[in-house]
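One structure is given below, encoded as structure tokens.
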Amino acid sequence: MTIKVTFRTALLAGALLLSGLLVPTSADAAQSGVVSCSTITVDKSVTKGISLPCLDSKSNVVFQGIRGPVVVNVFGSWCEPCQEEIPHFLDLAKSKKVAIVGIDVEEANVQAGRAFVTKKGMNWPILFDVNSVTRGLFGLGVPVTWFIDANGKVTYRQIGLIHSDAILNGEVTKYLGIKL
């Protein structure tokens, strides 16, 4: 079987890739070091809500179905405060006592998101907000961090930068009941 690719088709595919509307294959994601979203605890009976693709291109997750205890960090690679707080999340991830889920918003495209996550060593599942569908849920600014309990209840919303490991650890203990 021969597939004919015209210049116009290649140009269109390139434009779709750059816009983030065409998502590369999961093999591309696997090569980038992006963590699978299969570890996110989800109530599969929740089917209504905001469905977000995983940065690994293998699945979608309905945000309202996420169950904890979990810390959900909403960020963008272009956001300086988001970059400042990443080391605190890296330290939290090392504890292996609480799950972390990232949500990458307002990114130029999926490749930029993958490159950023890989470069920063973010070794937890990352969802990708392709068309800013979470704005109504999280608001316009980032970073935002949500703490969600085992029943899916949001126990706390941290708006803005988390300044230290002590603050993040204290919030995990206070709002999720996990002693770090």
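No lab work stands behind these numbers, since they all come straight from the coordinates. Computed from a prediction, not measured in an experiment: that's the story for all the values here. Counting neighbours? That spans all protein chains shown, and the Cβs are built from the backbone with ideal geometry, glycine included.
What share of the DSSP beta bridges in segment 23-176 is antiparallel, in percent to the nearest 5? Spell out each step's value before the answer.
Working: 15 of 25 bridges.
In segment 23-176, DSSP labels about 60 percent of beta bridges as antiparallel.
Taking the alpha-carbon centroid of each part, what is the distance from segment 161-175 to segment 84-117 in angstrom?
Each part's Cα centre sits 16 Å from the other's.
Work out the FRET efficiency for Ala112 and His163 from their Cβ-Cβ distance, taking R0 = 25 Å, and round it to the nearest 0.05.
Values: r = 26 Å, r/R0 = 1.05.
About 0.45, to the nearest 0.05.
Between Lys153 and Ser51, what's the calculated FRET efficiency when r is the beta-carbon distance and R0 is 30 Å? Round to 0.05.
Numbers: r = 20 Å, r/R0 = 0.67.
After rounding, the FRET efficiency stands at 0.90.
Label points 7 Å out from Cα along the Cβ direction at Glu84 and Leu137: separation in nm?
Output for this residue pair reads 2.7 nm.
If we count every other residue with Cβ under 12 angstrom of Ile66's Cβ, Lys/Arg +1 and Asp/Glu -1, where does the sum land? Each step should come with its number before you reach the end.
Values: positive: Lys44, Arg67, Lys153; negative: Asp43, Asp149.
Residues near Ile66 contribute +1 overall.
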